[in-house]
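Trainee: Just passing along the structure, written as structure tokens.
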Amino acid sequence: MVVVGADTTESIKTIEFAKAFPDRLFQLGIAEPNMISVAAGLAAAGKIPFAATYSVFGSAHTYNVIRQNVAYTNLNVKIFCSHAGLTVGPDGATHQINEDIALMRGIPRMTVLVPADGPETAKCVDAAGAMKGPVYCRFSRTNVPTVTAAGDGFTIGMARVLRDGFDVTLIGCGIMVARCLEAAATLEKERISARVINLSTVKPLDLATIDRAARETGGIVTAEEHTVVHGIGAAVASAIAANHPVPIAMVGVQDVFGESGEAEELLHKYGLTAEKIVEGAHDVLKRRDR
Amino acid sequence: MVEVSEQLIAGLKKKAVTLRKHIIRMTHNAQSGHPGGSMSACDIVTALYFHVLRVDPSNPTWPDRDRFVLSKGHACPVWYAALAERGFFPVEELMTFRKLNSRLQGHPELGTTPGVENAAGAEGQGLSFSVGLALASRMDHKAWRTYCVLGDGEQDVGQTWEAAMAASKYGLDSLTAFIDRNGIQQEGRTEDIMPLEPLAEKWEAFNWHVLTIDGHDFRQILAAIEEAHRTRGRPTAVIARTVKGKGVSFMENKIKYHGAATSDDELKLALAELEAMEAAF
Ligand SMILES: Cc1ncc(C[n+]2csc(CCOP(=O)(O)OP(=O)(O)O)c2C)c(N)n1
Ligand SMILES: [Mg+2]
């Protein structure tokens with residue numbers, strides 16, 4: 001395993017790897033396209049490179065390099081990116097990438113991971129390192145509550161049901177998983193039983209778990225710190241449309257850029273809250289029962 | 001060398017201290033942002049906005065204005081401070097920097113902030129944007145000029161050199177690039193992260209007219225701009241040797257203040273130093 005970095009190794013903590021293995025981290029400066037291709041070369045010669053930086057630079061900024069040098073070439077490069085989504089906060093729209101899931105899931109051969117918390121992020125590192133092929137994994141800068149247990153299994157391609165329920169299913173990824181659980185607790189008080197699924201693998205999609213949720217609960221709300229254009233909502237919607245169409249509501253960023261502000265303020269302003277997920281559930285139930 | 005009066009220099013020095021106070025207050029108030037690179041570019045920005053640029057604060061989109069492009073967008077506190085002091089928007093608005101619903105975004109946004117000419121945040125796009133502006137100025141037979149400020153960390157970015165080639169291909173003599181050579185990028189010294197030297201020779205090899213100056217000496221800054229104006233057929237790169245965090249002793253040359261605001265105690269110390277400087281004028 002080797003790590004390549006782009007002048008952000010301290011803030012995303014890959015510097016810790018360099019402390020243990022000083023000759024296995026390559027600091028390549030503010031030159032992310034170069035970083036990705038260097039990683040591809042390392043992979044082609046048998047190394048397992050982890051390329052890590054902020055999500056906007058490890059996805060959109062380097063998109064065609066990833067497409068050609070990593071995915072088309074089918075190389076064993078693991079792109080791990082922090083600072084995804086609105087919760088980057090005060091840096092503003094240039095740094096708040098809400099489109100990376102869309103970009104990455106559109107690339108053939110790419111595995112796309114969005115862990116829900118710290119322990120799951122660690123499992124993503126292990127699982128990505130253990131599999132062959134390109135991986136993109138994105139997570140947020142902000143603190144998140146732990147919603148998975150250390151003992152929970154983690155398999156790429158398998159969504160996990162965190163809470164069972166029968167009236168509606170809430171499918172979230174990343175920081176929105178905790179908000180789905182919060183929403184489920186609120187719904188329970190209204191005697192609505194909500195299933196919560198942690199969709200930490202966005203691609204390949206766990207069709208079986210999603211299909212079962214559609215059939216057994218009859219309605220789905222998705223929640224993501226990402227644009228609803230081609231994010232997990234769109235992925236789930238096309239899966240259920242093909243198998244077992246049910247009403248769906250999507251909580252996420254609505255085809256707009258973000259702006260400066262504190263993380264929580266932004267989540268509120270852009271509607272990425274447990275309340276919006278509850279509203280989505282009400283909306284889905286209304287449409288289903290019509 | 002052009003005649004530059006003592007009075008002009010004293011006025012610019014004083015203005016630069018005012019801008020530095022704004023930078024410290026803005027980033028402290030936001031408890032985020034990038035003071036170090038704002039302070040290192042401060043004297044260049046001051047010289048441009050308070051002596052060189054033909055701009056009209058009451059008509060920010062005046063078509064014949066000179067263009068200022070901040071490629072290293074994270075240093076926007078110095079830009080916002082200069083624009084406010086120049087009258088593009090109220091000075092009080094500076095305290096909304098990085099706050100929700102503010103016109104002063106954490107990184108510059110074109111169209112939102114009066115006087116801002118480019119969007120930046122991802123490093124390395126500003127010089128290419130400046131090439132486009134300079135090409136348009138020439139196509140329209142206009143006299144307005146383009147000034148671009150880049151970080152030395154931005155010399156890592158491949159696109160900077162793509163722009164450098166394009167500018168010399170088209171002989172864009174209305175384009176002047178300032179390279180804020182403070183020797184530090186985000187997490188270390190440039191020569192440790194990605195060695196740049198010999199830097200002047202690189203720009204020369206790309207067929208630019210190259211000057212190396214002290215980026216905190218107003219006479220040298222103004223002389224370099226003057227020389228860029230006189231230079232025909234080639235763009236000019238001014239490598240401005242600067243100090244990151246310049247103006248506040250405990251911030252100078254400290255990697256930490258690339259992207260860290262002052263604490264409450266540090267704010268007091270920093271403002272006291274700058275006020276003492278101001279009082280000396
Ligand atoms: C493409 C890109 N990669 C990474 C970053 C994160 N980043 C922000 S500022 C910075 C360092 C900038 O150094 P420099 O250009 O020397 O700026 P200055 O010292 O003048 O503040 C980095 C790596 C970025 N903004 N853009
Ligand atoms: Mg620098």
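The values are calculated or read from the model by the stated rules, or taken from the named source; none is laboratory data. Since this is a predicted model, take the numbers as computed values, not measurements. Heads up, the Cβs are rebuilt from the backbone with ideal geometry, glycines too, and the neighbour counts pull from every protein chain shown. These area figures cover heavy atoms from the full protein model, side chains too; ligands, DNA and RNA do not enter into them. Shrake-Rupley method; radii C 1.70, N 1.55, O 1.52, S 1.80 Å.
Trainee: With an 8 Å cut-off on Cα pairs and a minimum separation of 6 or more residues, tell me the relative contact order of chain A in percent.
Mentor: Result for chain A is 16 percent.
Trainee: For region B:1-155, list log₁₀ I(q)/I(0) at each q in 0.12, 0.14, 0.15 Å⁻¹, using the Debye formula over Cα point scatterers of equal strength and ignoring solvent, two decimals each.
Mentor: Taken in order of the listed q values, log10 I(q)/I(0) reads -0.49, -0.67, -0.77.
Trainee: To one decimal place, what Kirkwood hydrodynamic radius in Å is obtained for region B:6-279 from all pairs of distinct Cα atoms? List each step's numbers first, then the result.
Mentor: Details: mean 1/r = 0.0543 Å⁻¹.
For region B:6-279, the Kirkwood estimate is 18.4 Å.
Trainee: Taking a cut-off of 26 Å, what percent of all Cα-Cα pairs in region A:66-194 are separated by more than that?
Mentor: On the way: 2410 of 8256 pairs.
When every Cα pair of region A:66-194 is considered, 29 percent fall beyond 26 Å.
Trainee: Let me know the volume per residue of the alpha-carbon convex hull for region B:95-216, in Å³.
Mentor: Values: hull volume 16.4 nm³, N = 122.
It is 134 Å³ per residue.
Trainee: Using only alpha-carbon positions, what ratio does the radius of gyration of region A:208-282 give when scaled by 2.2 N^0.38 Å?
Mentor: On the way: Rg = 13.4 Å, N = 75, 2.2 N^0.38 = 11.3 Å.
Dividing the Cα Rg of region A:208-282 by 2.2 N^0.38 Å gives 1.18.
Trainee: Could you give P(r) for region A:2-138, binned at 5 Å from zero, as whole percent values over all Cα-Cα pairs?
Mentor: P(r) for region A:2-138, in whole percents per bin: 2, 11, 21, 26, 23, 12, 4, 0, 0.
Trainee: Moving to a separate point now. If you take the Cα Rg of region A:160-289 and divide it by 2.2 N^0.38 Å, with N the number of residues, what do you get? It would help to have the intermediate numbers written out before the result.
Mentor: Working: Rg = 13.5 Å, N = 130, 2.2 N^0.38 = 14.0 Å.
Compactness ratio reported: 0.97.
Trainee: Enter the mean projected area of the convex hull around the alpha-carbon atoms of the protein assembly as shown, in nm², rounded to one decimal.
Mentor: 28.2
Trainee: If you count, for every residue in B:150-159, the Cβ atoms of partner chains within 10 Å of its Cβ, what is the mean?
Mentor: That average works out to 3.
Trainee: Sticking with this structure for a sec: Of all DSSP beta bridges located in region A:160-289, what percent are antiparallel, nearest 5?
Mentor: So the antiparallel bridges in region A:160-289 amount to around 20 percent.
Trainee: How do the peptides A:277-287, A:156-166 rank, highest first, by the average count of neighbouring beta carbon atoms within 10 Å per residue?
Mentor: By packing density, highest mean first, the sequence is A:277-287, A:156-166.
Trainee: Within 10 Å of each Cβ in A:54-62, how many Cβ atoms from other chains are there, averaged over the peptide?
Mentor: Mean shielding count: 1.
Trainee: A further question on this structure: As an exercise, take the mean of 1/r over every pair of distinct alpha carbons in region A:163-234, invert it, and state the Kirkwood radius in angstroms. Don't jump to the answer; show the numbers that get you there.
Mentor: Details: mean 1/r = 0.0824 Å⁻¹.
The Cα-based Kirkwood calculation yields 12.1 Å.
Trainee: Select from B:Met39, B:Met139, B:Met95 the residue whose mean-square fluctuation is largest in a Gaussian network model of chain B (Cα-Cα springs shorter than 10 Å).
Mentor: Among B:Met39, B:Met139, B:Met95, the largest mean-square fluctuation in the Gaussian network model of chain B belongs to B:Met139.
Trainee: Can you give the Rg/Rh ratio of region A:5-58, where Rg is from the C-alpha atoms and Rh is the Kirkwood radius? Show your work: numbers first, answer last.
Mentor: Working: Rg = 10.6 Å, Rh = 11.3 Å.
Rg divided by Rh gives 0.94.
Trainee: Helix A:32-44 versus the longest principal axis of chain A: what is the Cα-based angle in degrees, 0 to 90, to the nearest 10?
Mentor: With both axes taken from Cα atoms, the answer is about 80 degrees.
Trainee: Then there's this: With both partners inside chain B, how many of the DSSP beta bridges are antiparallel, as a percent to the nearest 5?
Mentor: 5
Trainee: Hey, another quick one. If DNA, RNA and ligands are ignored and the probe is 1.4 Å, what is the ranking of B:Asp56, A:Asp289, B:Asp43 by accessible area, most exposed first?
Mentor: So, going from the largest accessible area down, we get A:Asp289, B:Asp56, B:Asp43.
Trainee: Counting DSSP beta bridges with both partners in the protein assembly as shown, what percentage is antiparallel, nearest 5? Write down the numbers at each step before the final one.
Mentor: Values: 6 of 61 bridges.
If we restrict to bridges inside the protein assembly as shown, about 10 percent are antiparallel.
Trainee: Report the accessible area of A:Thr146, computed with a 1.4 Å probe over the heavy atoms of all protein chains in place, in Å² rounded to the nearest 10.
Mentor: The value for A:Thr146 is about 90 Å².
Trainee: Under 27 Å Cα-Cα from B:Lys13, which lysines qualify once same-chain neighbours fewer than 8 residues away are excluded?
Mentor: Cα-Cα hits under 27 Å: B:Lys21, B:Lys72, B:Lys244, B:Lys246, B:Lys254, B:Lys256, B:Lys268.
Trainee: Right, another one. Report the per residue volume, in Å³, of the convex hull enclosing the C-alpha atoms of region B:76-131. Walk me through the numbers on the way to the answer.
Mentor: On the way: hull volume 4.4 nm³, N = 56.
With only Cα atoms used, region B:76-131 gives 78 Å³ per residue.
Trainee: While we're here: Once each part is reduced to its C-alpha centroid, what is the distance from region B:1-69 to region B:142-196 in angstrom?
Mentor: 19
Trainee: A further question follows. Can you tell me which of A:Ala263, A:Ala223, A:Ala242 moves the most in a GNM of chain A? Springs connect C-alpha atoms under 10 Å apart.
Mentor: For chain A, modelled as a Gaussian network with Cα springs under 10 Å, the answer is A:Ala242.
Trainee: Could you do me a favour and compute the accessible area per residue for region B:6-279, 1.4 Å probe, result in Å²?
Mentor: Dividing the accessible area of region B:6-279 by its residue count gives 37 Å².
Trainee: Restricting things to Cα coordinates, could you compute the convex hull volume per residue of chain A in Å³? It would help to have the intermediate numbers written out before the result.
Mentor: On the way: hull volume 34.1 nm³, N = 290.
Spelled out: Cα convex hull of chain A, divided by residues, is 117 Å³.
Trainee: Can you compute the modelled spin-label distance between B:Ala136 and A:Asn143, with each label point 7 Å from Cα toward Cβ, in nm?
Mentor: Here the answer is 4.6 nm between the modelled labels.
Trainee: On average, how much accessible surface per residue is there in region A:160-289, in Å², for a 1.4 Å probe, leaving out ligands, DNA and RNA? Walk me through the intermediate numbers first.
Mentor: Working: 5190 Å² over 130 residues.
Using a 1.4 Å probe on heavy atoms only, each residue of region A:160-289 averages 40 Å².
Trainee: Run the Debye formula on the Cα coordinates of region B:177-221, all scatterers equal and no solvent, and tell me log10 I(q)/I(0) at q = 0.24 1/Å.
Mentor: Those come out to -0.97, one per q.
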